[in-house]
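The block underneath contains the structure these notes are about, expressed in structure tokens.
Just so it is clear, none of the values below were taken in a lab; they were calculated from the coordinates. Every value quoted in this text rests on a predicted model; they were computed, and no experiment measured them. Every residue, glycine among them, receives a Cβ derived from its backbone with ideal geometry; neighbour counts consider all protein chains shown.
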Amino acid sequence: MKASTNKAHRALGGLDDEQRRVHHFVVRDLPRLAEPMPPEHIADALEMDVNRVIEIVDELERRLIFLSRSGGRDVVWAYPVTVADTPHWMAFSTGERLNAA
């Protein structure tokens, strides 16, 4: 368990500020949105250029530990949450229920 914690910490430490902002936003907002998240949604909410958001999402997906678009352009999961069907569920104090990645 400690080895995977260290691996995640090293990977997270390698993110720049914009990458971290995008990732944190997707993790926070995906449960509320409850459907695949288009890059335009991210760009609008974070007041960023959509092309820069797409570059960031490409990079985060390439790393295979932060998020996935499942073959499309819209984000479907950002660990630990997903809008894809899984056998695991998370319930939030705000009432949202979402599949867990």
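With the biggest extent put first, the Cα atoms of region 2-100 measure 36, 31, 26 Å across the principal axes.
3J(HN,Hα) couplings calculated from phi for region 89-94 with the Karplus curve 6.51 cos²θ - 1.76 cosθ + 1.60 (θ = phi - 60°) are, in sequence order, 10, 10, 10, 9, 4, 7 Hz; Gly and Pro show x.
Summing Lys and Arg as +1 and Asp and Glu as -1 over all other residues whose Cβ lies under 13 Å from the Cβ of LEU60 gives a net charge of 0.
Applying a DSSP loop filter and a limit of 13 other Cβ atoms within 10 Å to the GluC sites (Glu not before Pro) in region 35-101 leaves GLU47. In terms of surrounding Cβ atoms within a 10 Å radius of their Cβ, HIS24, HIS41, HIS88 rank from fewest to most as HIS88, HIS24, HIS41.
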